[in-house]
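S.K.: Submitted below is the structure of interest, expressed as C-alpha cells.
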Amino acid sequence: MKKIVILTGAGISAESGLGTFRDEGGLWSQHRIEDVATPEGFARDPALVQGFYNARRVQAAGARFNAAHAALARLQRDWSGDVVIVTQNVDGLHEAAGTRDVIHMHGELAGALCAACGHRWAAPAQMAPAEPCPACAVPAGRPDVVWFGEMPYHRDAILDHLSEADLFAAIGTSGNVYPAAGFVEEARRSGALTVELNLEPSAVVSSFEETRFGPASEVVPLWVAELLDRAS
Ligand code: BV8
C-alpha cells in the first residue's frame, strides 16, 4: 500500500476539547447553521458571526493536539509512501502535532479573508464586525472559512489525491456534509481500500469496507501501529 489519504472531521479534535457540530450540545445546537455558517448569515449579522468564530478561534488557540493527531503525524513520518491529510476542521491541531502539508478544505480559523478584494492575512484573535482589510481598507474582513453554499478549497488537488489512493480513511466525521462525505466513493472508484474510524457509524458508513468504532485517541493510534507493524 503506497499512498494513504485521510479525511478528518470535528470528531478527531473532540478529545482536545473542541466542540463538534452535530453531537449533543454541539456547535450547531447553540446556533442555526444558516445564521453563523453562511454568507447570508454574515451579511445579516456580522457581529453574531464574528463573535461565533472569535470564540472558536480563542478556544482552538488554547487547545492541545491529542493522541489521534499525534498518531497521524507519526504515520506520515514513518510510512514509506505518501500520507495526505485532508481536514474539514478549521483548527490547527494537525499542524501542532507535526503533520505537514495539511489540506484545509474548509479553511482555517487562523486565516482572515477580505470579502471585497480577496486579500488574505493572519486573523487577529478577535475580528470586529466591520474588520478593515489591511490591503484595501474596506471593512469587509471575514474568517477565511468555507461556509455552506461556498466552494470548498483545494478541490482539484483533493480529487487527484483520491484518484491515486491505495487506502482511504475517514476519521471523526459524521458524513453529513458534501463534497467531503462523497470522498469515500471517489476513493473506491480508484480501487482504494476504505476504512471509517469514528465514535459511531457515520451517515456514509455503508460505503466503507472496514469500520473501527471508539474514541479517536484510542482507535487511531492502534490503527497506525498496526499499519506500521504490518509494513515493517
Ligand atoms: C458546496 C465551516 C457547492 C467552517 C463548514 C443537499 C444534499 C447534499 C448536499 C447539500 C444539500 N444542500 C446543500 C448541500 C451542500 C452543502 C451540504 O453538504 N449541506 C449539508 C448540511 C446537507 N455543502 C456545502 O455547501 C459545501 N459547498 O457544496 O459548494 C458549490 C458548487 C459550485 C459553486 C459554489 C458552491 C460547503 C460545506 C462547508 C461548510 N462549512 N464549516 C466551520 O465553521 O468550521 S461545515 C462543518 O460541518 C465542518 O467544517 C465540517 O466539515 C462539517 C461536518 O462536520 P463533521 O466534521 O463531520 O463534524 P460533526 O459534528 O458533523 O460529526 C462529528 C463526528 O465525530 C460524529 O460522527 C461523531 O460521532 C464523531 N466523534 C465525536 N467524538 C469523537 C468522534 N469520533 C472519534 N472520537 C471522538 N472522541
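The values are calculated or read from the model by the stated rules, or taken from the named source; none is laboratory data. Because the structure is a prediction, the values reported are computed rather than measured. Cβ coordinates were reconstructed from backbone atoms using ideal geometry, including for glycine residues, and neighbour counts include every protein chain displayed.
S.K.: Restricting attention to the range 73-118, report how many residues are among the hydroxyl-bearing types (S, T, Y) and in contact (Cβ under 8 Å) with a residue 40 or more places away in the chain. So that I can check it myself, show each step before the final result.
M.R.: Taking the range 73-118 and keeping what is among the hydroxyl-bearing types (S, T, Y), we get 80, 87, 99.
Among the residues that remain, those that are also in contact (Cβ under 8 Å) with a residue 40 or more places away in the chain are: 80, 87.
Result for the range 73-118: 2.
S.K.: Also, quick follow-up: Has the range 126-134 got at least one residue that is touching a His at 6+ places or on another chain (Cβ under 8 Å), closer than 24 Å to A60 by Cβ and modelled with pLDDT of 95 or more?
M.R.: Scanning the range 126-134, I find at least one residue that is touching a His at 6+ places or on another chain (Cβ under 8 Å), closer than 24 Å to A60 by Cβ and modelled with pLDDT of 95 or more, so the answer is yes.
S.K.: Could you check how many residues of the range 117-153 are in a loop (DSSP other than H, G, I, E, B) and surrounded by 14 or more Cβ atoms within 10 Å (Cβ to Cβ)?
M.R.: Summing the residues that are in a loop (DSSP other than H, G, I, E, B) and surrounded by 14 or more Cβ atoms within 10 Å (Cβ to Cβ) in the range 117-153 gives 12.
S.K.: Would you pick out the residues in the range 175-200 that are within 17 Å of I85 (Cα to Cα) and small (G, A, S)?
M.R.: Within the range 175-200, G175, A180, A181, G182, A187, A192 meet the criteria.
S.K.: Which one is nearest to P201 (Cα to Cα) among residues in the range 11-40 that are touching a residue at least 60 places away in the same chain (Cβ under 8 Å) and of a type in the set (G, A, S)?
M.R.: G11
S.K.: What number of residues within the range 155-181 satisfy the criterion of being more than 13 Å from the ligand (Cβ to nearest atom) and part of a loop (DSSP other than H, G, I, E, B)?
M.R.: So the count comes out to 3.
S.K.: All but one of (1) assigned by TED's automatic domain parsing to the domain that holds G175; (2) within 13 Å of the ligand (Cβ to nearest atom) hold for Q76; which doesn't?
M.R.: Exception for Q76: condition (2).
S.K.: Can I ask one more? Taking A96 and the conditions (1) exposed (fewer than 15 other Cβ atoms within 10 Å of the Cβ); (2) more than 11 Å from the ligand (Cβ to nearest atom), which numbered condition does it fall short on, given that it satisfies the others?
M.R.: (1)
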